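Report on the structure given below.
The values are calculated or read from the model by the stated rules, or taken from the named source; none is laboratory data. In this text the structure is predicted, and so the values were computed from the model without any measurement. Cβ atoms come from the backbone with ideal geometry, glycine included; neighbour counts cover every protein chain shown. When the accessible area is computed, the model is the full protein with side chains, heavy atoms only, and any ligands, DNA or RNA have been set aside. Shrake-Rupley method; radii C 1.70, N 1.55, O 1.52, S 1.80 Å.
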Amino acid sequence: MANYNPKSLKAEEFINDGEILQTLAWAEENKNNVALIDEILEKARPRKTEKGWHCAGLTHREASLLLACDIPEKIEQIYKIAEEIKLAFYGNRIVIFAPLYLSNYCVNGCVYCPYHLKNKEIPRKKLTQEEVRREVIALQDMGHKRLAIEAGEDPVNNPIEYILECIKTIYSVHHKNGDIRRVNVNIAATTVENYRKLRDAGIGTYILFQETYHKESYEKLHPTGPKHDYAYHTEAMDRAMEGGIDDVGLGVLFGLELYKYEFAGLIMHAEHLEAVHGVGPHTISVPRLKRASDIDPDQFDNGIDDDTFAKITACIRLAVPYTGIIISTRESEQVRGRLLRLGVSQVSGGSRTSVGGYAEEERPHDTEQFDVSDQRSLDEVVRWLMENGHIPSFCTACYREGRTGDRFMSLCKTGQIANCCHPNALMTLTEYLVDYGGEETKKVGFEMVERELEKVPNLKARGIAAQNVEDIKNSNRRDFRF
Ligand code: SAM
């Protein structure tokens with residue numbers, strides 16, 4: 001474990017290559033050690049305590065061992081525990097969001113991304129504030145309340161002032177009954193000062209994908225531009241937290257490097273955040289590399305199949321039990337449906353990955369970032385979720401109540417989520433159904449809301465929620481939330 005130190009603020013010490021390699025070797029040696037695997041599975045299982053659910057989580061070594069194990073019976077157990085943990089902490093709720101692409105100008109040379117500087121195939125576009133407004137109206141008309149804004153890295157075209165202006169515009173649009181209540185931000189690594197500005201602008205989660213934790217590969221995959229600097233990129237979450245952003249979202253772009261290496265790095269990153277800041281990642285995203293303009297995923301050797309992808313997702317759930325796991329429309333309906341049973345808690349719906357794509361009728365668009373596999377409308381996704389027993393949640397209450405960082409985690413850990421998040425999900429779902437739901441969606445949805453209200457354990461909370469649901473149906477709106 002030379003130089004490995006989760007408390008260090010230096011990338012190469014908290015994501016230590018030597019420790020990852022030792023972890024992978026140890027996992028390989030022990031992958032048939034059933035007694036050890038059973039012990040780890042036992043540790044991962046959720047336990048009901050007087051204060052609510054408790055989950056120990058797993059170390060990067062333990063989780064890597066589960067990922068290495070290929071005994072079918074054990075894999076089934078991993079899947080089962082992943083689902084149990086998801087249900088214990090998040091119930092059957094699934095948070096819904098959409099990405100909003102602001103600008104595809106980019107000065108980096110990322111070899112897997114169509115925004116790379118040398119790609120002359122895509123037209124470059126940056127939304128004006130009027131266009132941002134139009135996009136937000138289109139998103140509100142679909143029913144969205146939570147966005148993740150996306151932009152390439154370009155200090156001239158997309159400086160922090162531009163991003164801040166867009167956030168202000170997004171929060172200012174109130175079209176019919178619509179509003180965007182949480183703006184998450186996925187922009188390039190930046191300075192503490194800029195993170196402070198983003199915090200002051202009222203962002204939700206700051207999301208930054210590591211792409212790969214393997215330093216050498218990272219440098220090859222990002223040959224030019226500011227993103228080339230591995231340490232600056234890897235230490236971004238520490239700067240974000242120093243700048244006062246409580247909720248940060250990690251992610252790896254699967255397909256770039258060997259998945260076992262990435263997985264160990266990802267869990268170590270989560271351990272590092274917990275060790276230094278006392279709170280782990282608010283979310284973890286699991287994107288897979290996709291075909292895009294000037295990008296052929298077959299040129300990369302490390303693509304993973306659906307089974308491996310499912311196992312990775314389930315192992316993340318066991319290792320980091322309180323985190324939100326996000327799956328985007330990069331994945332098909334079928335893959336998304338499967339992962340929803342293995343720990344995923346947030347999905348995007350009705351997404352457009354082009355700059356200005358929501359206000360345009362037709363697709364595909366020439367500025368699309370990558371191929372979207374799940375092309376269903378938000379209403380179709382909402383109905384599909386409900387038909388499969390999940391409650392689509394448009395809730396953003398935690399963020400607006402100041403329940404971020406460790407305060408959100410303690411809500412999770414004390415089990416108050418059932419009296420708080422469950423009614424909030426049902427009230428926001430009702431808002432969606434009344435304002436935007438198709439006829440069939442309304443039918444399925446109102447039945448679900450009625451059934452699910454009965455499950456709110458605290459009778460007082462249940463009564464208030466039921467009254468609020470009635471009020472929403474009768475167009476008597478207030479800012480409902482627990
Ligand atoms: N520019 C920001 C940065 O550097 O982190 C983030 C914005 S970028 C629009 C969001 C993410 O898209 C990237 O972090 C990358 O993981 C992902 N991405 C890039 N090319 C992709 C591709 N071909 N397929 C799937 N995802 C891709």
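Numbers below:
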| quantity | calculated |
| --- | --- |
| Strands (runs of 3 or more DSSP E) wholly inside the range 1-113 that include at least 1 residues being assigned by TED's automatic domain parsing to the domain that holds His277 and in contact (Cβ under 8 Å) with a residue 60 or more places away in the chain | 93-103 |
| In the range 279-307, residue farthest from the ligand (Cβ to nearest atom) [restricted to those that are of a type in the set (S, T, N, Q) and within 19 Å of the chain's Cα centre (by Cα)] | Thr283 |
| Leu147 vs. criteria at pLDDT 95 or above, under 19 Å from Arg400 (Cα atoms) and surrounded by fewer than 22 Cβ atoms within 10 Å (Cβ to Cβ) | no |
| Members of the range 76-100 found to be within 16 Å of the ligand (Cβ to nearest atom), open to solvent by 10 Å² or more (accessible area, probe 1.4 Å) and either among the small types (Gly, Ala, Ser) or over 18 Å from Leu289 (Cβ atoms) (or both), listed by number | Phe97 |
| Residue within the range 389-399 that is in a helix (DSSP H, G or I) and free of Cβ contacts under 8 Å to residues at least 40 places away in the same chain present | yes |
| Helices (runs of 4 or more DSSP H) contained entirely in the range 164-236, each with at least 2 residues that are charged (D, E, K, R) and away from the ligand (no atom under 12 Å from the Cβ) | 192-200, 215-221 |
| Out of Glu121, Glu73, sole residue that is open to solvent by 40 Å² or more (accessible area, probe 1.4 Å) and more than 16 Å from the ligand (Cβ to nearest atom) | Glu73 |
| Criterion violated by Leu147 - all others in (1) part of a helix (DSSP H, G or I); (2) under 22 Å from Glu368 (Cα atoms) satisfied | (1) |
| Leu253 being within 12 Å of the ligand (Cβ to nearest atom) and either open to solvent by less than 40 Å² (accessible area, probe 1.4 Å) or within 19 Å of the chain's Cα centre (by Cα) (or both) | yes |
| From Arg330, Arg336, Arg317, residue being assigned to a helix (DSSP H, G or I) and within 16 Å of the ligand (Cβ to nearest atom) | Arg336 |
